[in-house]
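The structure under discussion appears below in the form of structure tokens.
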Amino acid sequence: MAQLGLTEVAAARLSGDVLLNAYGRGGRVFVIEVEPLLDAALPARDQLRLTLYGFPNTTYRLESTPRLGGNAVWTELQPLVLPGRFGILDLPLDTEATRYFRLR
């Protein structure tokens, strides 16, 4: 497996405006502009790892629901304040087959 090492990331809109909040990590490149970004991984059979990307010292709400659609009910799990450009949250896997998450 090849590892992508990043030291500098630059991004720009089609208009030429430079975006200053770009960040690269572990072979992925994310550019956070206004909305936060949520990434998920399974580091173990019984564990879900959520990585939250956003602005430092900003409070976000992590919400989840077992189904999508017009009648989906989103439940706030907890408010999160990012200490830097990203934060990691490990959660135990529920017995539910499907769970969706969003960060607001």
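Only the coordinates and a few stated rules stand behind these numbers; no lab work does. Please read these numbers as outputs of a predicted model, since none were measured by experiment. Here the Cβ positions follow ideal geometry from the backbone for every residue, glycine too, while neighbour counts run over all protein chains shown.
Gain in length, Val18 to Glu33, computed as 0.36 nm per residue apart minus the alpha-carbon separation, to one decimal in nm?
Gain on extension, Val18 to Glu33, equals 4.3 nm.
How many nm is it between the label spots at Arg102 and Thr75, if each spot is 7 Å from the Cα in line with the beta carbon?
Going from the Arg102 label point to the Thr75 one covers 1.7 nm.
Semi-axes of the equivalent ellipsoid for the range 35-103, please: Cα gyration tensor eigenvalues, times 5, square-rooted, ordered largest first, whole Å.
21, 16, 9
Determine the sum of side-chain charges near Arg61: Lys and Arg each +1, Asp and Glu each -1, restricted to other residues whose C-beta is under 14 angstrom from that of Arg61.
-1
Determine which residues of the range 33-67 fall in the zone a paramagnetic label at Ala10 would reach in this model, i.e. backbone nitrogen under 20 Å from the point 7 Å along Cα→Cβ.
Answer for this model: 33.
Would you mind working out the magnitude of the charge dipole of the range 35-103 relative to its Cα centre, with +1 at each Lys and Arg C-beta and -1 at each Asp and Glu C-beta, to the nearest 20 Debye?
Here the range 35-103 has a charge dipole of around 100 debye.
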